[in-house]
Amino acid sequence: SRGISPLLAASLIHAAVDEVLQTDLTEFKQQSVETEGEGDEERFTLLDGESLQRYFFNKLRDVCFEWQKQLPPLRPLKRFLLVSIHAIRNTRRKMEDRHVLLPEFNQLFGLSDGIDRAYFAVFDGHGGVDAANYSATHLHVNVGLHEEIVKNPAEALKCSFQKTDEMFLFKAKREKLRSGTTGVSALIVGNTLHIAWVGDSQVMLVQQGKAVTLMEPHKPEREDERARIETLGGCVTYMDCWRVNGTLAVSRAIGDICQKPYISGDADGDSFELTGSEDYLLLACDGFFDAIKPYEVVDLVLDHLMQTKGAGLKAAERLVAAAKENGSSDNITVLVVFLRDPQDILADCLRDPKSLGTGDDAQSSPFNFLSCEAATTQ
């Protein structure tokens, strides 16, 4: 609200949190809760959030006063990143989507090894917003504090989904919450892209004007997912769409305590080397991908760049509008991470019109109305 740069904000937050964690938090202790796992007893300590928040802000104020005297060096990303984000409730009664963008991942977690890191995520809640809120608050923290974050970031990202699921299930049991959320996250570490997901929110990549599929969403009709569910004693039935035990249309999610273990919280993941030829990443919920095909994204984004002369900040807004126009009534969240300057992407299209689209699919796209040749002559 004060217009502070995200780089400085993340650095201040890390410094203040570090100060808090070095002090005795006993005075904030609310109660201890014991829960029985598989024959083992695990103890959780709950802290009073309101008083701890006041304490944190006092520490933050002290850090700000100190940094006014001498500002420590702040190291921004070397990689080009431009983020466009847009989210709408659409015709639904509530907005249950959440998103996170952290180009300042290193600063937030005090990682100073000189390797660029940036984190992005989209969560699509169902049955309430609690699971989506919780995941958007805790998943990246579990990633940043994972012991393998430096040596094996892919493992840190994937395991943090399960950790977040376990944490939320404890909260859900304690507070009688039944909500769940799908989730997809991307962690860029140096020249490597790591992704992980549960459910049907998706991440895709556009490289040299072509859509690249990175993952397969977790849906009950997938053969391996159906087999897993039926082996556990559940069932997959068709009720306007394929559903687990006649209820949920996704087979993996964080939360959904009443549907465990059929609705798994274990994430799938993958990693990809970035060569510098990638245009942008797109993360979105099923409210977008049910209405817009990946190859259509390419045309829509290029059309937007042509209309704005290479300004990409509102590309996500254009994509959300297209999904709504195409019939989506769900919550819609779209997060576009440009890995190259949008003006360079547009210039490459104008120089090489054949780079547009993705082959046979592109020819049938209802959005394939772009003509770089016409733009060139004009």
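The values are calculated or read from the model by the stated rules, or taken from the named source; none is laboratory data. Keep in mind it's a predicted model, so treat the numbers as computed, not measured. Using ideal geometry, Cβ is built from the backbone for each residue, glycine included, and neighbour counts are taken over all protein chains shown. In case anyone asks, the SASA skips ligands and DNA or RNA and just uses the protein heavy atoms, side chains included. Shrake-Rupley method; radii C 1.70, N 1.55, O 1.52, S 1.80 Å.
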- Message: Once neighbouring chains are kept in place and the probe is 1.4 Å, which whole percent of the accessible area of region 135-199 is contributed by carbon and sulfur?
- Response: 48 percent
- Task: Counting only C-alpha contacts under 8 Å and six or more residues apart, can you give the relative contact order of the chain as a whole percent?
- Result: 18 percent
- Query: ³J(HN,Hα) across region 75-90 via Karplus (A = 6.51, B = -1.76, C = 1.60, θ = phi - 60°), whole Hz, x for Gly/Pro?
  - Reply: 10, x, 4, 7, 6, 6, 9, 10, 10, 10, 9, 8, 9, 9, 6, 6
- Cα gyration tensor shape of region 302-348, rounded if a/c is under 1.5, else prolate or oblate by comparing a/b with b/c: prolate
- Note on the structure: The correct ranking of W242, W197 by accessible area at 1.4 Å, largest first, is W242, W197
- Query: What ³J(HN,Hα) values, in whole Hz, does the Karplus curve 6.51 cos²θ - 1.76 cosθ + 1.60 give for region 91-98 when θ = phi - 60°, with x put for Gly and Pro?
  - Reply: 8, 6, 5, 10, 9, 10, 7, 9
- Message: Among the listed pairs K219/K260; K176/K260; K29/K158; K59/K163, which have their C-alpha atoms separated by more than 19 angstrom in this model?
- Response: K29/K158; K59/K163
- On average over all directions, what projected area in square nanometres does region 185-302 have, based on the convex hull of its Cα atoms? 8.0 nm²
- Message: Limiting things to C-alpha atoms, what are the Rg and the maximum Cα-Cα separation (Dmax) for the chain, in angstroms?
- Response: 22.1, 73
- Note on the structure: Per residue convex hull volume, Cα only, region 212-280, in Å³ is 115 Å³
- Note on the structure: Listed by chain and number, the residues whose amide H is under 5 Å from that of D97, excluding neighbours fewer than 5 places away on the same chain and using placed H, are G125
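Write down the accessible area per residue of region 82-351 in Å², having rolled a 1.4 Å probe over the full set of protein chains.
Per residue, region 82-351 has an accessible area of 40 Å².
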- Query: Using the Cβ atoms and a cut-off under 12 Å, what net charge is assigned to the surroundings of I188, where Lys and Arg are +1 and Asp and Glu are -1?
  - Reply: 0
